Structure formats: C-alpha cells, structure tokens
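Derivation of every value follows stated rules applied to the coordinates shown; laboratory data play no part. Just so it is clear, the model here is predicted, and its values are computed rather than measured. Heads up, the Cβs are rebuilt from the backbone with ideal geometry, glycines too, and the neighbour counts pull from every protein chain shown.
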Amino acid sequence: PGTTSPVLAQAEAEWLADFENYVQAHLADDALSISFLAQEFSMSESTFLRQVTRITGLSPKQYLQEVRLHAAREMLENKTYSSVSQVSEKVGYSNVRTFTRSFQQRFGKLPSEV
C-alpha cells in the first residue's frame, strides 16, 4: 500500500474513466466481449484482463455484468422503459431469462419487483 506512484494512479484513473465511458456508451451491444474490448483498447486479451482486474478488483466479465445490472436497476427504478424485456435489451442481454436470473442473483429480487 502506498507504493503506487501518483502518476501511475492518475494514468490508471484516466484509463478506467475512458473504459467506463466506452462501456456505458455501448451497453446495449451484446457483442461487447473481452476480445472486442481488448482490441478497442489496443491491448492483448491477457494484458486487458490483468489491467481491468488490477484496477477494479473484478474480472472484465464480472465488471461488465455489474455495470449492466446497475444500469438496468436504474432504468427499472426510473421506469425508463415499460417492460423488463426492453431493459434487458438496453443493457446488452439478448435473453430475458438470463437477465432476470442475473438480476435476481445480484440484487435479491426480480426485475419486475423493482
């Protein structure tokens, strides 16, 4: 702890902000995969995996799921869309059942209960 240089910490924070912005802008794209993201950020998959895991503490797959599920919860709470299937689609889940299961595991309630 405390051994990270401020410059590196700043560079990582900027990279993470760019990464988060990109993910948010492309949330509905179910083709948003690790290999696709690694390519977009000009990294090998292994470097990309290490970078995301080191900075966020989550694997890229876990991170994407967290971002998608939090966005979905916000959409449901704000009643942005009238149906669970619309929300599911907007956050990049092509299968409503998979979305519902993931949402329930993460938040302990069904999307329809939000």
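Calculate the dipole size of the chain relative to its Cα centre from +1 charges on Lys and Arg beta carbons and -1 charges on Asp and Glu beta carbons; express the result in debye to the nearest 20. Write out the running numbers ahead of the final one.
Details: 11 positive and 13 negative charges, 103 e Å.
The calculation lands at about 500 debye.
Dividing the convex hull volume of the Cα atoms of the chain by its residue count, what figure in Å³ per residue is obtained?
Values: hull volume 13.4 nm³, N = 114.
Spread over its residues, the Cα hull of the chain gives 117 Å³ apiece.
Less than 13 Å Cβ to Cβ from residue 62, Lys/Arg counted +1 and Asp/Glu -1: what total charge do the surrounding residues give?
Surrounding charge for residue 62 is +2.
Note the full-extension length gain between residue 46 and residue 26 as 0.36 nm times their separation in residues minus their Cα-Cα distance, in nm to one decimal. List each step's numbers first, then the result.
Details: separation 20, 0.36 × 20 = 7.20 nm, distance 2.18 nm.
This chain segment gains 5.0 nm when fully extended.
Within the set of other residues whose C-beta is less than 15 Å from the C-beta of residue 6, count the net charge using Lys and Arg as +1 and Asp and Glu as -1.
With Lys, Arg at +1 and Asp, Glu at -1, the neighbours total -2.
Within segment 10-30, which residues have the backbone N less than 17 Å from the label spot 7 Å out from residue 86 along Cα→beta-carbon, could you tell me?
The answer is 28, whose backbone nitrogens lie closer than 17 Å to the label point.
Enumerate the helices in the chain for which the Kyte-Doolittle hydropathy averages -0.5 or more and the C-alpha atoms extend at least 27 Å along the helix's axis, using complete DSSP H runs.
Helix filter hits for the chain: 6-25.
What length, rounded to one decimal in nm, is gained on full extension from residue 98 through to residue 61, with 0.36 nm per residue of separation minus their alpha-carbon distance?
Gain on extension, residue 98 to residue 61, equals 11.9 nm.
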